[in-house]
1. If you go through the range 230-264 one residue at a time, how many are under 16 Å from the mean Cα position of the chain (by Cα) and farther than 20 Å from residue 64 by Cβ?
2. Mind listing whichever residues of the range 231-265 are of a type outside the set (S, T, N, Q) and over 21 Å from residue 72 (Cβ atoms)?
3. Return yes or no: is residue 102 part of a helix (DSSP H, G or I) and touching a strand residue (DSSP E or B) at 6+ places or on another chain (Cβ under 6 Å)?
4. Regarding the range 178-194, can at least one residue be identified that is part of a helix (DSSP H, G or I), in contact with a helix residue (DSSP H, G or I) (Cβ under 8 Å, 6 or more places away or on another chain), modelled with pLDDT of 90 or more and of a type in the set (Ser, Thr, Tyr)?
5. So which of 251, 263, 241 ends up being in contact (Cβ under 8 Å) with a residue 60 or more places away in the chain and touching a strand residue (DSSP E or B) at 6+ places or on another chain (Cβ under 9 Å)?
6. Given the structure, is residue 53 loosely packed, with under 13 Cβ neighbours inside 10 Å and either touching a residue at least 24 places away in the same chain (Cβ under 8 Å) or touching a Cys at 6+ places or on another chain (Cβ under 6 Å) (or both)?
7. Would you pick out the residues in the range 130-171 that are buried (at least 17 other Cβ atoms within 10 Å of the Cβ) and assigned to a loop (DSSP other than H, G, I, E, B)?
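The values are calculated or read from the model by the stated rules, or taken from the named source; none is laboratory data. Nothing here was measured: the structure is a model prediction, and the numbers come from that model. Ideal geometry is used to build each Cβ from the backbone, glycine not excepted, and the neighbour counts take in all protein chains shown.
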Amino acid sequence: MTAYSNTFASALPHNALGRADLIVETVFLTIAFLCTSVRLWSRRLNKTQLQANDYLVLTALVIATARYALMVVLVVKCGLGLHINEVDSIGGPDTIVIFHKLIYATDLMWITLVVLIKVSILHFYSVTFPVEWFRYLVYGVMAFAIAFWVAAFFSQVFFCIPPQKLWLPNIPGHCSNMVTNKTAVASIDLGIDIVVIALPMPLLWRLNLATAKKISLTFIFGLGFIIIIFTSVRLHFISELDSPDITYEFLEIGITTSLVPLLGVLTANLPISYPVFKRVFLIPSPQSSRAADPDNFHRLREEEYRLTNIES
């Protein structure tokens, strides 16, 4: 085993997974902030008041920032990304206890994050597509997503009974199977993602728009399929999770875990960001291209050119 000084900071050059996680999360959290700023700017350009879906995204961004701060602490102060024997030799048993407590908190934040983003997107659907049957369908999916949050959140809270047994394994009590619990949560989350992304597609293609416009809207609304890819990869890693080496194994799924909600913020923001893109990239207004359209010609009103009797 490589020898280090008695700090995890000195082991950071060796901690490739830890460094990769911090870099990826820093980049995508910055992108999430930029996209949310563009969202708010677009609302201002349209002179539209903030809606519930905006506040949900803002709340998710605050929680994502808090979770990012805990991930930094986990890497720099608890050795996340190193093998557990290295963590124990550098920080001692107390570090493992702190590690489990912070992981416990980040898991609760993650569950809340992904559901907030789903509900924000669904609320956006409900105000964007004023079709009654579709709105009721959206409300049904929204209710299911909230029910999923309640079940997943409390299954994590009471993963061990008492909860302290998660970081103090020698006290009386019992814990659930980690792989089974995380696989169930990730699988249901994946299923809801697929429904949320596919939900508006039939309505988009029934709109009276040019095919190119429909394709671009499908791309914007369908960016969430990238989340499905990452969630599927995360599910694969979870199935191979080896809990005894938790400080190393967790970060193998940790990068994809962190990317899912940050990409969700991006997906939630893009459909609302067109006014800013239009201004920044000087995209012509759809009306400007209609000037030479023959359909724009109309009969002059008779009162504009009054008839006058001409006397001989």
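1. 1
2. First, pick out the residues of the range 231-265 that are of a type outside the set (S, T, N, Q): 233-238, 240-242, 244-246, 248-255, 259-265.
233, 235, 236, 237, 238, 240, 241, 242, 244, 245 - these are the residues of the range 231-265 that are of a type outside the set (S, T, N, Q) and over 21 Å from residue 72 (Cβ atoms).
3. On the way: part of a helix (DSSP H, G or I): yes; touching a strand residue (DSSP E or B) at 6+ places or on another chain (Cβ under 6 Å): no.
So residue 102 fails the test.
4. yes
5. On the way: 263 fails: touching a strand residue (DSSP E or B) at 6+ places or on another chain (Cβ under 9 Å); 241 fails: touching a strand residue (DSSP E or B) at 6+ places or on another chain (Cβ under 9 Å).
It is 251.
6. Working: loosely packed, with under 13 Cβ neighbours inside 10 Å: no; either touching a residue at least 24 places away in the same chain (Cβ under 8 Å) or touching a Cys at 6+ places or on another chain (Cβ under 6 Å) (or both): yes.
Spelling it out, it is not the case that residue 53 is loosely packed, with under 13 Cβ neighbours inside 10 Å and either touching a residue at least 24 places away in the same chain (Cβ under 8 Å) or touching a Cys at 6+ places or on another chain (Cβ under 6 Å) (or both).
7. Of everything in the range 130-171, those that are buried (at least 17 other Cβ atoms within 10 Å of the Cβ) and assigned to a loop (DSSP other than H, G, I, E, B) turn out to be 159, 167.
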